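Engineer: I have a structure I would like to understand better, so I am pasting it below and will then ask my questions one at a time.
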Amino acid sequence: MRHLARLAAARAAAETLVASGRVPGVVVAVAVDHQKPDVFAVGTDADGHPLAPDDLFPVASITKLATALAVLRLVDRGLIELDDPVDRYVRRAEPHSGVTIRRLLCHTAGFAIDLNAADAPYEPGLTWESLAQACLRANLHHPPASEVLYSNIGYGLLALAVEARAGARFRDALRDLVLTPLGIEGYLGMEPPRAPARIADVRGRYRATPLEPFNSPFWRSLALPWAGLVTTAAGALTLVRAFRGHPPGFLSPPLRTVAVLDQTGDLPGGFIEPLRWNPCPWGLGPEVRGMKEPHWIPASVGTDSFGHTGASGCLAWAAPGVGVAWTILGARTADNGWLLRHSGTISAAVAGG
């Protein structure tokens, strides 16, 4: 009965949020312990199409949870070591001491947030292969283990390490290591069989063009290991639940336990203002809530809660203290602040906070 009350409260919070006009619609998935998730949809996508529980969304940086799981699966198999330098697995233009798999996973390796536009111009003809080469050429922004700096480049290098050890293109390795074993409907670098929900408020020079981020076949073709996954609310939920031991045996218990503990050693950092914190705890893929403020997850959910957000307007989170995990997929980018300022009402309802 308590779960039903939380679910009803979450739906009410979602309906209020959509009615406010801050987001056209959301799909929310909630799972308690190891039970089957409940999924509901409220509102529409950017084109006014009513959302359905099984709609596909570009989940942006929630993709990093999938990439991290691929790495950790290879760690479990003894094919990758967390404290190995990444240069053991990939050949970079200028190797740097201290750039380890562990530090790449928790964003303390020292790379910038993203590639320079000149290194891999965002234009027709861009591919994952050319982006990968740009990642290999990238220089450090600051010394390893001196700051937490969220980095897409780091996850590009992790994808290359997976390719080297799995002997397959990253999108294929991700399918075989993560998506298929977890039963996730997910697509990376290929067009889905049905159109994804369209995301509102995409900004920048490519808005409303054939290259529009999140919404275009071009964007989806890039197979970005840090942002390109297209999946459902249930699929995103399954990614974060894998770090909670569901399904059993997907990750070894010792490794998944370590993966959701802070790996940054109380270093400060994060993204860009106002999302910089001191300290900035982060695990082996998932962000750890800690005492961060401001934050999209209410403090009442628990300092040990963890998960990931995505710039397309989504989050996937787990709260071990109350045995619940949830996903919020919104039909508006996070740029206007709705995810940071207002999605917490849904999360608080789900977690009973």
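Engineer: Scan the range 183-209 for residues that are in contact with a Lys or Arg (Cβ under 7 Å, 6 or more places away or on another chain) and either touching a residue at least 40 places away in the same chain (Cβ under 8 Å) or at positive phi (or both) and jot them down.
Structural biologist: Listed by number, the residues that qualify are L188, G189, I199, A200, D201.
Engineer: Considering (1) in a loop (DSSP other than H, G, I, E, B); (2) modelled with pLDDT under 95, say which one S300 fails and leave the rest.
Structural biologist: (1)
Engineer: Here is a further query. Would you confirm whether or not the range 221-230 contains a residue that is within 17 Å of the chain's Cα centre (by Cα), open to solvent by less than 20 Å² (accessible area, probe 1.4 Å), under 25 Å from H141 (Cβ atoms) and aromatic (F, W, Y)? Lay out the reasoning, then the answer.
Structural biologist: So the first thing to find is which residues in the range 221-230 are within 17 Å of the chain's Cα centre (by Cα), and the list is 222-230.
Then keep just the ones that are open to solvent by less than 20 Å² (accessible area, probe 1.4 Å); that gives 222-230.
Still in the running and under 25 Å from H141 (Cβ atoms): 222-228.
From the residues that got through so far, the ones that are aromatic (F, W, Y) too are 226.
Checking the range 221-230: at least one residue is within 17 Å of the chain's Cα centre (by Cα), open to solvent by less than 20 Å² (accessible area, probe 1.4 Å), under 25 Å from H141 (Cβ atoms) and aromatic (F, W, Y).
Engineer: Among the listed residues P247, P274, which satisfies the condition of being in contact (Cβ under 8 Å) with a residue 60 or more places away in the chain, part of a loop (DSSP other than H, G, I, E, B) and open to solvent by 10 Å² or more (accessible area, probe 1.4 Å)?
Structural biologist: Going through P247, P274 in turn, the sole match is P247.
Engineer: Quick one: count up the residues across the range 53-70 that are among the hydroxyl-bearing types (S, T, Y) and open to solvent by 10 Å² or more (accessible area, probe 1.4 Å).
Structural biologist: Looking only at that region, the number is 1.
Engineer: I need the full set of residues from the range 71-88 which are touching an Asp or Glu at 6+ places or on another chain (Cβ under 9 Å) and open to solvent by less than 40 Å² (accessible area, probe 1.4 Å), in order please.
Structural biologist: V75 - this is the single residue of the range 71-88 that is touching an Asp or Glu at 6+ places or on another chain (Cβ under 9 Å) and open to solvent by less than 40 Å² (accessible area, probe 1.4 Å).
Engineer: Among the numbered conditions (1) in contact with a Pro (Cβ under 8 Å, 6 or more places away or on another chain); (2) part of a loop (DSSP other than H, G, I, E, B); (3) surrounded by 15 or more Cβ atoms within 10 Å (Cβ to Cβ), tell me where P95 comes up short.
Structural biologist: Just one mismatch for P95, condition (3).
Engineer: Could you please find all residues in the range 168-182 being in a helix (DSSP H, G or I), charged (D, E, K, R) and open to solvent by 60 Å² or more (accessible area, probe 1.4 Å)?
Structural biologist: Passing the criteria: R171, R175, D176.
The values are calculated or read from the model by the stated rules, or taken from the named source; none is laboratory data. Fair warning: this is a prediction, and the values are worked out from it, not measured in the lab. For neighbour counting, all protein chains shown are included, and Cβ atoms are generated from backbone atoms with ideal geometry for every residue, glycine included. Just so you know, the surface numbers come from the protein's heavy atoms only, side chains and all, with ligands and any DNA or RNA stripped out. Shrake-Rupley method; radii C 1.70, N 1.55, O 1.52, S 1.80 Å.
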